[in-house]
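Bear in mind these aren't lab numbers, they're just calculated from the coordinates by the rules spelled out. Note that the coordinates shown come from a computational prediction; the quantities given were computed from them, not determined experimentally. Quick reminder, even Gly has a Cβ in these numbers, built from the backbone with ideal geometry, and neighbours come from all protein chains shown.
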Amino acid sequence: MKHEKLSPGLLLAFQDYQREGEAALITHKRSLGIVAPKSVVKPTKSVVFIYCDPDTDLSHLSQQGIEINQNSGSVRTAFLPIEGLDAMSEEASVLRVKPSRKLKLQMDVAPGAVNVPAFKSKTGLTGKGVIIGIIDSGIDAKHPAFAGRILRIWDQILPGPGVTEGGYGAEFTGAQLIISQDTDGHGTHVAGIAAGADETYGGIAPEAELVIVKSDLQDAHVADGVRYIFRVASELGRPAVINLSLGGHADAHDGSDSLSKIINAETGSGRVVCCAAGNEGNANIHGQATIPSGSTRGMRFNVPLNQVGIVWLNAWYSSNSELEISVRSPNDFVTPFQKVITDGNPTQDYDLPDSQVQIATPKADPINGDYNFFVQIRGKGKTLVQGGIWQLRVRNNSSTETCLNVWTLDDATSVFFTGKSIKDSVKIGSPATASSAITVAAYTTKHKYTDIDAQEREMGVELHGISEFSSEGPLRNDAQKPDVAAPGAMIVSALSADAKSDRSVMINSKFVAMAGTSMATPFVTGLVALLLQRDSKLDPNAIKDLLRKNSSIPGKPPGTFDHKWGYGVIDATNL
């Protein structure tokens, strides 16, 4: 095993698997990209990204039960049995193996508020001839808002022979489209904002055609979905814009992650991706500390009582320093300080009286050159993680001051930083960190609506302001994100008949109100479809330039950038 080729989070999970066997896979389902076997006699597999030489042939790895989804490219996706990590790491042409991470899912008044109707009336643009790709929870193919305009659905969850981009899932067309269902409702709502056709709650590009990927939200499979949609559009000779209303925080927050790299490689002339900035604006998931040379600093984070089974901390700092790491429990038990380990396995286990702590401190990440360490905390035996205030202790033995950024990764974002450790910025994660992506923040155009039972509902958001929940930039490397803001609070759009929606958010039997950067993003996706209809050769940079020139922050001079607003809310009048 060449440990240096595995990311620290993958190393921790692999070590747990070696010690505990199949039982460990339940705990690490999200961190290892675990997918259930197709039969009881086949091993459980993990979804991974492989960094390798672009033209290297890895087909021989099939003898080890490893399924490579692409035959070329410097970043590929694969299924492999956990034991296959050993063989994969020994491949000379394989530079790095990173686990797939499960991402989270993040129009009546809104279009008028940013002058879209006037723009469409003046130009006659409808999205006709453009492909809108949606990678999400699926779509209700029976909904009248999409009648006759869904070209294909790749359902990555249903069993089937897969597609060119991956031998898993099933592809549907024509009458078979209704086999795939959206039981969550998120994808249908998103698709309706971008391209729904309805007199009252119509989307931005109501004549665009749709290619849908119903995803299990593994970021490796999202990457396969991006490749799939652009391939289909290319075969049809159409420009395409893809909507990704999803995201996570297991990455470096600088655009160097696997999914961001694939988005950058796949986009170009007539190929655009729009991403949600995220909904963590009110959540203290990010901590930051500046550690002077020769000093020790503590970063406090709270774990709620009797709620959390495992805690992960994802930490990054620049390569011009080396830090030592220790963890203090709420009962004041501490681990020794752990240095960067460059030879052999960089993970160490610490059995404290009240908890089990694992720390991985490998040498610098070869992709971006920075240090990434991972901390994993579990309870004793089968107990939950000890509740209370924990402390990440960091000692800087190098000669330069170091800025450390840390993100909490538990599923419910119930673990959060406290006190001076909180940094209310750098909360835009992958894939919105991709440099080519149009990253969208949420603006509030509506805070009241009347539900299906004629009850007026009012949400606690500020009207005509940036939505509090919208995640802030910049990126960890100070790159400017988000790009623009669009309506994202209490947006009325299509309701999936297969989803169980609370009546308090239902407008009628076909439409529902939702809020989030998930809703703002398809608004921009629809606008991009209109622009691609007018000029099918536009690339992401040209479209970003158009959007920037036609966006502004209320009360600020044109061209002003803000880490919450981006370049401001879009005004479609002169697009």
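Brief remarks on what is shown
- Annotation: extensible slack from Ala265 through Ser509 equals 83.7 nm (criterion: 0.36 nm per residue apart, minus Cα-Cα distance).
- Counting every other Cβ atom within 10 Å of each residue's Cβ, Asp16, Asp55 order from fewest to most as Asp55, Asp16.
- Per residue of the chain, the DSSP helices (runs of n ≥ 4 H) give a summed -39500 (n - 2.57) that works out to -5500 deg cm²/dmol at 222 nm.
- For segment 516-574 versus segment 297-368, the inter-centroid distance based on Cα atoms is 40 Å.
- Simple spin-label estimate for Glu207 and Lys339 in nanometres, 7 Å along Cα-Cβ: 6.9 nm
- About the centre of its Cα atoms, the chain shows a dipole size close to 520 debye [charges on the beta carbon of Lys, Arg (+1) and Asp, Glu (-1) only; nearest 20 debye].
- Summary of packing: across the peptides 335-341, 427-433, the per-residue average of other C-beta atoms within 10 Å ranks them, highest first, as 427-433, 335-341.
- Note on Cys275, Cys403: ascending count of other Cβ atoms within 10 Å places them as Cys403, Cys275, the fewest first.
- If you plug the beta carbon distance of Asp354 and Asn320 into 1/(1 + (r/R0)^6) with R0 = 60 Å, you get a FRET efficiency near 0.95.
- Amide H to amide H, with H built 1.01 Å from N, Asp498 comes under 5 Å of Asp182, counting only residues 5 or more places away or on other chains.
- Available extension along the chain between His464 and Thr560 is 32.8 nm, counting 0.36 nm per residue and deducting the alpha carbon span.
- Pair Ala175, Thr290: separation of 7 Å Cα→Cβ label points (nm): 6.8 nm
- FRET efficiency for the pair Thr383 and Asp535, taken as 1/(1 + (r/R0)^6) with r the Cβ-Cβ distance and R0 = 56 Å, rounds to 0.40.
- Protection proxy ranking for 196-208, 160-172, 499-511, using the average of other Cβ atoms within 10 Å per residue and placing the highest first: 196-208, 160-172, 499-511.
- For segment 407-557, with +1 on Lys and Arg beta carbons and -1 on Asp and Glu, the positive-most of Ala479, Ala542, Ala513 along the dipole: Ala542
- Residue exposure sequence - His60, His143, His286 - by fewest surrounding Cβ within 10 Å: His60, His143, His286
- Between Glu90 and Glu22, the simple spin-label model (points 7 angstrom out along Cα→Cβ) gives 2.6 nm.
- Residues whose placed amide H lies under 5 Å from that of Thr439, excluding near-sequence neighbours: Cys275, Asp483, Val484
- Sequence-separation-based contact order of segment 509-575, relative, with Cα cut under 8 Å and 6+ spacing, percent: 22 percent
- Between amide H atoms placed 1.01 Å from N, distances below 5 Å from Arg457 occur with Tyr449, Thr450, Asp451, all of them 5 or more places distant or on a separate chain.
- Gain in span if fully extended, Lys500 to Leu305, counting 0.36 nm per residue against the direct Cα distance: 67.2 nm
- The separation of segment 153-197 from segment 389-405, counted between C-alpha centres, amounts to 46 Å.
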